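Below: the structure, in structure tokens.
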Amino acid sequence: MNAGTLPSRYAQAIFDYATGCRAEDQVYDDLCRLADTLDRVEALRKLVANPLLPAADKASALLAACGKTVADDSPTARIVRMVTANKRADRMGAIAQAYIARYRHSKGIQPAHVTTPAPLADGTARKIEALVTRATGCRSVLLQADTDPALIGGFVLRVGDRLLDASVGKQLARMRRDLTD
């Protein structure tokens, strides 16, 4: 199986299985925590990539990375054991990310990322979510907000592969470029 299509094929199979078990929300929550942990903890990525470590030990480590006790008979535990038994534990992060994207697509959830020079007020965050909802036609927005004082003012909004840079720094750079040309 092509390494590029492997995560999406596993994600589709996992989504179908989780939907059949009526556990797609729980699997989503577990795989979000797992993907986040795998992204942050290099030692865990190295551990699951170790070919000498038994699949059961890799599965235990991955399930522990879900951030809470996952029951042995839960769909998440079955999924992780299946992936590790198929010698794909080193691809679990990519599989989890593909499942997360598949789940969000099925639920009409659009991730968005906004960067501002100061923390957003709740009302401003809701206005940005409403703007993204209208612009994309999605059902809901999963807004992640960061701060970067170097922006001076304005904001940078990323939705999917689209970027709206309305920062003061960008406007100053544009003015500088226009004046020097």
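The values are calculated or read from the model by the stated rules, or taken from the named source; none is laboratory data. As the structure is a computational prediction, the values presented were derived from the model and not from experiment. Please note: Cβ atoms are built from the backbone with ideal geometry, for glycine as well, and neighbour counts cover all protein chains shown. Areas reflect the complete protein model, heavy atoms only, side chains present, ligands, DNA and RNA absent. Shrake-Rupley method; radii C 1.70, N 1.55, O 1.52, S 1.80 Å.
Here are a few things to note about the model shown:
- Condition check for ARG158: surrounded by 13 or more Cβ atoms within 10 Å (Cβ to Cβ), touching a His at 6+ places or on another chain (Cβ under 7 Å) and not small (Gly, Ala, Ser): yes
- Test: residue in the range 122-133 that is surrounded by 13 or more Cβ atoms within 10 Å (Cβ to Cβ), among the charged types (D, E, K, R) and not in a helix (DSSP H, G or I): no
- Members of the range 144-166 that are free of Cβ contacts under 8 Å to residues at least 24 places away in the same chain and in contact with a strand residue (DSSP E or B) (Cβ under 6 Å, 6 or more places away or on another chain): LEU164, ASP165
- Restricting THR76, THR5 to those that are of a type outside the set (Gly, Ala, Ser), out of contact with any Cys (no Cβ under 8 Å at 6 or more places or on another chain) and open to solvent by less than 70 Å² (accessible area, probe 1.4 Å) reduces the list to THR5.
- Look at the range 80-109: where a residue is over 13 Å from PRO54 (Cα atoms) and without any contact (Cβ under 8 Å) to a residue 12 or more places away in the chain, no partner that is part of a helix (DSSP H, G or I) and of a type outside the set (S, T, N, Q) sits 6+ places away or on another chain with Cβ atoms under 8 Å.
- Meets criteria (open to solvent by less than 70 Å² (accessible area, probe 1.4 Å) and either more than 26 Å from ARG104 (Cβ to Cβ) or part of a strand (DSSP E or B) (or both)) for ALA145: yes
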